[in-house]
Structure formats: C-alpha cells, structure tokens
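The values are calculated or read from the model by the stated rules, or taken from the named source; none is laboratory data. This is a predicted model, so every value here is computed, not measured. Reconstructed Cβ throughout: ideal geometry from the backbone, glycine too, with neighbour counts over all protein chains shown. Heavy atoms of the whole protein, side chains included, go into the accessibility calculation; ligands, DNA and RNA do not. Shrake-Rupley method; radii C 1.70, N 1.55, O 1.52, S 1.80 Å.
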2 protein chains.
Amino acid sequence: MARYQVILAYDGSGFQGSQRQVKIRTVQGELENSLRQLGWSAKSVLMAGRTDTGVHATGQVAAFDFEWAHGSSQLLKALNAHLPPDLAIQNLTETSADFHPRFDASARRYVYKLFCDPIRRPLREKLAWRVWPALNEEALQPAADLFLGTHDFGSFGSRTTPNGTTVRKVTKAEWKKMPNGEWQFEVQADAFLYRMVRRMTFVQVAVAQGRCSLEDVRKALSTPTALLSGLAPAHGLTLIEVTYESH
Amino acid sequence: MARYQVILAYDGSGFQGSQRQVKIRTVQGELENSLRQLGWSAKSVLMAGRTDTGVHATGQVAAFDFEWAHGSSQLLKALNAHLPPDLAIQNLTETSADFHPRFDASARRYVYKLFCDPIRRPLREKLAWRVWPALNEEALQPAADLFLGTHDFGSFGSRTTPNGTTVRKVTKAEWKKMPNGEWQFEVQADAFLYRMVRRMTFVQVAVAQGRCSLEDVRKALSTPTALLSGLAPAHGLTLIEVTYESH
C-alpha cells in the first residue's frame, strides 16, 4: 500500500463543485469512481480544497492510498482512461504515508480571468467573465494592493469550518493584461474563505467601474461585519496551484 | 423593409451545425427564433456557409429582410437579448437589398487550433485538438504550402452542390505558434468543400508525425480519386471571416 498525490485539472462547468455529494456529479466523486474501476476500495480520497460549482482547476490536489504494482506512470494512464473528458490527472507521484493535501498545504493560488466588451462573445466567455461598462484599468492594481498581507477577510468570504477564523494572509494579488486583451487577477494566500476570490474580484471591478472607492474596500477589510453581496461568476475562476513546503 | 447583414459568433459544441433542420438545434434555427420574437415573419434567413456540428465561428455571416424602426444598434441588442448564451451577433449593419451572404462572398477564412501533449488538458481541449505523438513542427508549413493555389481538392472534401466542382483556390495556408504553445493553422480560400479544412489539418499532422510524406499530399492533390479518411475533430475549428469584395 502506498499513498499517491495527484494534480487534477477540470472544466468546472460540468461539475457541481469538487466535493463529493450523494447523487451529484462532483470532481471527488468521479475520481473515486475511476479508482474503484481499478479495484480501489477505500472510503474516500483526500482533497486539498473545495471549489464551487462551475469553478475550474488546473492545479487541484488529491491523495489516496492504493495498492498498485505497475508503476506511477501506468497508474496515471489507467486513471485517465477511466475519467471523463472534463477531468484529468495532470501529474501523479508516490508520496509519504502521512501526506495530507489539505492540512499540509502552505498556499493556494487562483487566477480570475475577465475581459471588457459590450457585446457577448460566446467563445471567450467560456472561461472568462465579460465585464461592461469598461474598466478604468489603472484602478485595478491599487485595489489589489489593499488585499496584501494579513487581514480579517470576513467581508469577503464565509469561514470554512464552523468556528474557524476569517483571518487570512494574502501573499500575491496581481493584475496582468494578456496578449489577447484579457485581464487576469492572480491571487495567492495561505488559504481562502468560501467564495473569497470571487468577492475580491467583484469589488475590484466595482472600483474600476467607479461604483465604489478604494476607501470602501479598506473599510470592508477593517470592519468585517457583513459579507459583501457582489460575486463574480464562477466560470472566470481557476485554481492553478496548491503549494507544499517540502515540494 | 431593409436587408440586414450580421456577423455571428457561436460555440459550436451545443449546435448540430449551422444550417436549419427540423427539430434540431442549429445556429440558423436559433437566429430565426430570435427574429420571430421581434415580429419577423419571413421564411428564412440567408447564411454565408454551412459549418458542421461542433465547429465554432466568430465570423459567420447571415442576412435577412426586416421592418425595424429603432435603428441598427437597438436591433443588435434586441436580437442578442433573445439569442442563447452560446450564440451572439457581433456586428449588424444595413446592407443593399440584393446582398447575398453566400453568393457574394469572395473568400472564407478558418483557423484550426491544436497543441501537442501526451496528457489530457480539459480546459485547453475545449477549443483545440490535443495531438500526440509530438509533431515535427518544421514539417507543418512545407505541407501547408502544397495547398496554396488552385487545385482539385476532391480528396479533401465533398462537393457542396450535387454537380458542383471540387476545384478551389487557396490564398492563405499558414501555421503560427501562439504564445501559449498552441499551433494555429489559418487557411483562406474562395470557398471550401465539406470538411475540407479538417482533412487538410489531419493530413498535415500525419506528415508532421511521420505517418505520411509530402509526396503523399502532392499525390492526393494531383489525383483526387477518393476522399482521404482522416478527419481532425470539429472542436478545433473556427470560421473566423467571410470576405466580400465591396466591403
């Protein structure tokens, strides 16, 4: 018996989130199904974190114990042969028996993609949020800078455990313009609250559209009394990396 | 009554092609439905060309006659409000009463996207063909060059009218490597036979994988006796432009 660590990529549009739920198509459920087709019989795999319905990933991490005699690269191929087209293992390695993809993670990194356009673009809108009216693009990075460091993000997301803290440490918050005109918001933190990136993105877009001010963002960070109501759509968001100290 | 010309974009994955068919979801059918919701009652719209099931477009052209009193930009907005998320009008202009999007077109331009990877990438594979084994990338452009000019493409596609010619004139056939590592094959001709771009792409990939030679391609062009069997998948293909002399 060995413990394996896998990096997963998925198109979130066909899944009701990452976490297994009875009778619902989830990433965890599909991964467990493909393992069972190879004879795996444990109760569940371990996941690094939960992504919401519609959120994509290229760097989700999972781990499981499995008795497999044919080597890691054969296991990757066999699992991918059983997984559906919208979910695939990108990398598979043997890891230590006590590795836990959630508790051992030191950071998570997401990218949120958007573009400004008054007209619907069916192909671009598959993986990016179309935003209109146009943004004052120079307002994006100053808003992002406010998130850097340790803050109580209680206005930006709900706690992930019943009595958990809403304090998180953001170590990267960077807007980049891509060659195709798309804007990408890349954000890294030790961990994220539920829907935190989508609220952060929504608020920054609101600032760049002149619907709220940097001062409003500062206030939401300093007095986390209620959740902000705006939420950027799920389909623009991708979990791209989970970091482990020892890796 | 005026004639309007529209440029259409669509995600082909949800359509069984562009051409109207009874009880089947097509691009033409959806466009006609949205027009009817605004009071249009003609029998059908005119389309520049047919795209197969799964083929995308950012530059498909259609035309229709319509009595509309509120201006072109309001008509665009009203139609897009009725069209489904995977189909949208990108541009709408009033045109001459005798404009025909198919017969007046002087050229069509397509892009086929692919990338080389041994591992499934669910997000990239939405709009590009994943190819493996790796390509000898330097073999792509010499293969494309063979298509340039006027040839009988009878090996590469079926005729579009019962007794029509299979001779076509290719005016552009260019491979480009994109910043994200993807390869794009851009091809323009006066018109295309059915599935011609997908067969052209398949053959070029076969050459770049060493499974056939430039000489085989030359032979298929000089002796068009039977259709080539290989077909690149539909989801990598996008119709990007239809050209009209007077525009």
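What the table below lists for this structure:
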{"read-out": "Computed [θ] at 222 nm, helices only, for chain A once each DSSP H run of length n ≥ 4 contributes -39500 (n - 2.57)", "value": "-6000 deg cm²/dmol"}
{"read-out": "Computed P(r) (all Cα pairs; the protein assembly as shown; 20 Å bins; percent)", "value": "21, 46, 30, 3"}
{"read-out": "Heavy-atom accessible surface of region B:105-244: percent carbon and sulfur, 1.4 Å", "value": "52"}
{"read-out": "Nonlocal Lys pairs with alpha-carbon distance under 16 Å, region A:105-244 (8 or more apart, or different chains)", "value": "4"}
{"read-out": "Rg ratio (alpha-carbon, reference 2.2 N^0.38 Å) - region A:105-244", "value": "1.01"}
{"read-out": "Highest-MSF residue in chain A out of A:100, A:56, A:70 [GNM, Cα springs under 10 Å]", "value": "A:70"}
{"read-out": "Whole-Å distance, taken between Cα centres, linking region A:112-145 and region B:1-67", "value": "28"}
{"read-out": "Alpha-carbon gyration tensor eigenvalues x 5, square-rooted, for chain A, Å", "value": "34, 20, 15"}
{"read-out": "Size of the B/A contact, given as accessible area buried on both chains, probe 1.4 Å, in Å²", "value": "1800"}
{"read-out": "Size descriptor, Kirkwood hydrodynamic radius, that averages inverse alpha-carbon separations across region A:5-60, Å", "value": "11.4"}
{"read-out": "Full-stretch length increase - residue A:37, residue A:177 - with 0.36 nm per residue and alpha-carbon distance subtracted", "value": "46.1 nm"}
{"read-out": "Proximal charge balance of residue A:79 [Cβ under 13 Å; K/R count +1, D/E count -1]", "value": "+1"}
{"read-out": "Once the Cα gyration tensor of region A:16-108 is diagonalised, semi-axes √(5λ) in Å", "value": "19, 17, 13"}
{"read-out": "Local electrostatic count at residue B:208 - Lys and Arg +1, Asp and Glu -1, tallied over other residues with Cβ under 12 Å", "value": "-1"}
{"read-out": "Square roots of five times the Cα gyration tensor eigenvalues for region B:122-182, Å", "value": "29, 16, 11"}
{"read-out": "Net charge of Cβ neighbours under 11 Å - reference residue B:225; Lys, Arg +1; Asp, Glu -1", "value": "0"}
{"read-out": "Residues losing 10 Å² or more accessible surface upon assembly, region A:127-151, compared with the chain by itself, 1.4 Å", "value": "A:127"}
{"read-out": "Ascending list, in nanometres, of distances separating the residue B:42 label from those of the other copies (7 Å, Cα toward Cβ)", "value": "6.4"}
{"read-out": "Label 7 Å beyond Cα on the Cβ vector: residue B:138 copy-to-copy distances, nm", "value": "4.8"}
{"read-out": "Shortest-first distances to equivalent copies, position residue B:186, nm, label 7 Å out along Cβ", "value": "2.7"}
{"read-out": "Under-5 Å amide H pairs with residue B:91, H placed in peptide plane, nonlocal only", "value": "B:7"}
{"read-out": "Length-normalised contact order of chain A in % [C-alpha pairs under 8 Å, at least 6 apart]", "value": "24"}
{"read-out": "Per-residue HN-Hα couplings for region B:79-95 [Karplus 6.51, -1.76, 1.60; θ = phi - 60°; Hz; x = Gly/Pro]", "value": "5, 4, 5, 8, 6, x, x, 8, 9, 8, 7, 8, 7, 9, 9, 6, 9"}
{"read-out": "Phi-based couplings in Hz for region B:54-66 (Karplus 6.51, -1.76, 1.60; Gly and Pro marked x)", "value": "x, 7, 8, 8, 10, x, 5, 10, 9, 9, 7, 9, 7"}
{"read-out": "Other-chain or far-sequence residues with amide H under 5 Å of residue B:172's (modelled H)", "value": "B:188"}
{"read-out": "Within the accessible area of region A:2-95 (1.4 Å probe), percent carbon and sulfur", "value": "48"}
